[in-house]
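Below is one structure, written out as C-alpha cells; the observations come after it.
Each value in this text was obtained by applying a stated rule to the coordinates, not by laboratory testing. Just so we're clear, the structure is a prediction, and the values are computed from it rather than from any experiment. Every residue, glycine among them, receives a Cβ derived from its backbone with ideal geometry; neighbour counts consider all protein chains shown.
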C-alpha cells in the first residue's frame, strides 16, 4: 500500500463567539448566527474544527441540532445537549456550519464559537491487507496531539455507523497519546480509519501511514 498522509493544524485563534455572539434564544426554531465567521447565515471556519457552545445558565434538557459540512464537503450534523452553565464542544469537525436549531427557548445567554481542538481528515486503511502498519507523526511548532483509530465505518454495506456515532479510540502506544514531539509508532492490526486529534497548540502535525505487504 502506498503511504497515506493526513495533516491537522495550524488553527486560527479560538473564539467563543465568532459564530454566535452571546444572547438568549427566544424560542424553538432556527438560532441566529451572527458572529465574525458568518456571511449569508453560514459560518465558514478557518479549517474544519470543533464548534463550541457556551451556556450562561442551566440549559439542561435543551437540544441544539447542527447541520454543516466536513473535510470533504460531505453533509454532517449532530445534536448538542444543553447543560449547566459552561462549555460543550461538538463531536464532529465543521468546515461550514449552515444551521443550528433549538428545540426550546434558552434560560440565559448562549454563544457559539470555536475552541483549540480539531481532528485531521480521516484516512482509510486496507483492512483486508497486511495487519501491520508503520506510523510517523511529524510535528511543526507547538502542539499536543493523539493518534486515533476506529473499526466503525460509515461506508459499511453491512453495518454502517453515522459519522457522529463513530467511536474513536486512542492508540495503545502511550507515546502517541498527548504527544508533543515527532514520533514513530505502529499498529499490530490494521484499523478501518485513522486520524490525528489536535488537542491544543498553535502548530501542526502530519502523520504518515505505511501498511506493509501492499
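Have a look at the stretch 105-214 and give its Rg and Dmax from the Cα atoms, expressed in angstrom.
16.2, 58
Can you give the extra length, in nm with one decimal, that the chain gains between residue 177 and residue 63 once fully stretched, where that is 0.36 nm per residue apart less the Cα-Cα distance?
On the way: separation 114, 0.36 × 114 = 41.04 nm, distance 3.16 nm.
Length difference between fully extended and current span is 37.9 nm.
What's the center-to-center distance, using Cα atoms, between the stretch 92-109 and the stretch 53-73 in Å?
4
Using Cβ contacts closer than 10 Å as the measure, can you line up 183, 19 from fewest to most? Working shown, then result.
Details: 183 19, 19 26.
Least to most surrounded, the residues fall as 183, 19.
For Cα pairs less than 8 Å apart in space and 6+ apart in sequence, what is the mean separation divided by the residue count of the stretch 20-114, i.e. the relative contact order in percent? List each step's numbers first, then the result.
Details: 259 pairs, mean separation 41.7, N = 95.
After rounding, I find 44 percent.
If I take every Cα pair under 8 Å that is 6 or more residues apart in the chain, average their sequence separation and divide by the length, what percent do I get for the relative contact order? Intermediate results must be reported in sequence, preceding the final value.
On the way: 612 pairs, mean separation 61.1, N = 214.
This gives 29 percent for the chain.
Which distance in Å, rounded to a whole number, links the C-alpha centroids of the stretch 8-26 and the stretch 129-145?
29
Calculate, axis by axis, the spread of Cα positions in the chain along the three principal axes, and write the results as whole Å, longest axis first.
Answer, in whole Å and largest first: 59, 42, 31 Å.
Quick check on the stretch 80-126: take the gyration tensor over C-alpha atoms, sort the square-rooted eigenvalues as a ≥ b ≥ c, and tell me if it's rounded (a/c under 1.5), prolate or oblate. Before the final figure, lay out each step's value.
Working: a/c = 2.65, a/b = 2.21, b/c = 1.19.
The shape class here is prolate.
When all C-alpha to C-alpha distances in the stretch 20-114 are sorted into bins of 10 Å, what percent of pairs does each bin hold, rounded to whole numbers?
Values per bin, smallest distances first: 18, 55, 25, 2.
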